[in-house]
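Engineer: The structure follows.
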Amino acid sequence: MKVDRLLSIVVYLLNRELASAGDLARRFGVTVRTIQRDMEAINLSGIPVISVPGPHGGYGIMDSFKMDRRLLSMDDFFNIVTALSGIGASLEDRRISDTLEKVRGLVPSSSRPQLRAREEKLHVDFSMLGGGPRQRGVFKVVQAAVDSSRLLRMTYTNNRLERGERLVEPMTVVFTWRSWYLFGYCRLRRDFRLFRLSRIREPEILAERFLRRDMSYERFARESAPESRGELMDLTLRFAPEVIPIVEEIYGEEDLERVDDGSVTLRTRMPEDGWLYGHILSYGEYVEVLEPEHIRLIIRRAAEKIAKKHR
């Protein structure tokens, strides 16, 4: 939801001097143009956003406003409580529950009935973030390994469906691209990697400790981004009218072109991998690859195999 993203952006900026539009777009899984519109919306809401040009510039929130008591209004308490309630329940993390109780304790007693009334009118369910019991169990083991700076041994399946044992120096738990990931140094690949938690099996914390290497997740994300490495591919898709509402949830209006027959054409740049093929196929008969030709061929062959299995 857009409101959730705007709240997350405000909290993210409160803890930083500046953040570039590109970094924000990658973190929240949207386009740079969407981030620009979000900044306008945040500014119009009364939170003064500053924009610093240049290679080391970006967006930030005025320092004077960060210390303003207005930043902790009843609306802010409500948003914080709502977010913590959903995330705490989905991950079953006692620490989040404790933080939630502390935040509730900051609310004046005279305003607590108002807060309870607001909570009855809006409920945010983050249960999908935590996954099922197995994935929540993996999350707890991974988080414990990160907190204790101990090696993590696990079985992992990568994007090419190759499964094997990995020995990892776990550094950061990350939520990005609508999923939880572990950022760390893989001793097998001898490089930094991002591991999707849902693909981790049998995680085991070892006794050996490690010294954190000189690499932050933010720097890794910036340097390994497909656009930074020149790995983006120009892609043109046409979507039938039936799925336009779903398409609009994922892609920004600036990337879509309306066609007279009611369909929309999407022109974007994306990395070519297995996720892309699966994403296109998920729209079934309601999508057509216009360009490039080799992607059109890959999708056609996949569709033929699917049709053969369902005869």
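The values are calculated or read from the model by the stated rules, or taken from the named source; none is laboratory data. Since we're looking at a predicted model, the values are computed, not measured. Here the Cβ is made from the backbone with ideal geometry for all residues, glycine too, and neighbour counts use every protein chain on show.
Engineer: Would you mention how many residues in the range 246-286 are among the hydroxyl-bearing types (Ser, Thr, Tyr) and either touching an Asp or Glu at 6+ places or on another chain (Cβ under 8 Å) or part of a helix (DSSP H, G or I) (or both)?
Structural biologist: 4
Engineer: Taking the range 11-42, which residues are surrounded by 15 or more Cβ atoms within 10 Å (Cβ to Cβ) and of a type in the set (S, T, N, Q)?
Structural biologist: Hits for the range 11-42 are SER20, THR31, THR34, GLN36.
Engineer: Looking at (1) polar (S, T, N, Q); (2) over 30 Å from VAL32 (Cα atoms); (3) assigned to a strand (DSSP E or B), find the lone condition where GLN135 falls short.
Structural biologist: Condition (3) is where GLN135 drops out.
Engineer: Answer yes or no as to whether ALA145 is out of contact with any helix residue (DSSP H, G or I) (no Cβ under 9 Å at 6 or more places or on another chain), part of a helix (DSSP H, G or I), in contact (Cβ under 8 Å) with a residue 40 or more places away in the chain and not assigned by TED's automatic domain parsing to the domain that holds PHE28.
Structural biologist: yes
Engineer: Something else: Check whether at least one residue in the range 199-219 is in contact with a helix residue (DSSP H, G or I) (Cβ under 6 Å, 6 or more places away or on another chain), under 24 Å from LEU281 (Cβ atoms) and not in a strand (DSSP E or B), and report yes or no.
Structural biologist: no
Engineer: Hey, could you check the range 238-255 for residues that are buried (at least 17 other Cβ atoms within 10 Å of the Cβ) and among the β-branched types (Val, Ile, Thr) and say which is nearest to GLU285 (Cα to Cα)?
Structural biologist: Across the range 238-255, the extreme among qualifying residues is VAL243.
Engineer: Quick one: which of VAL243, VAL289 is part of a helix (DSSP H, G or I) and touching a helix residue (DSSP H, G or I) at 6+ places or on another chain (Cβ under 6 Å)?
Structural biologist: Selected residue: VAL243, the only one of VAL243, VAL289 that is part of a helix (DSSP H, G or I) and touching a helix residue (DSSP H, G or I) at 6+ places or on another chain (Cβ under 6 Å).
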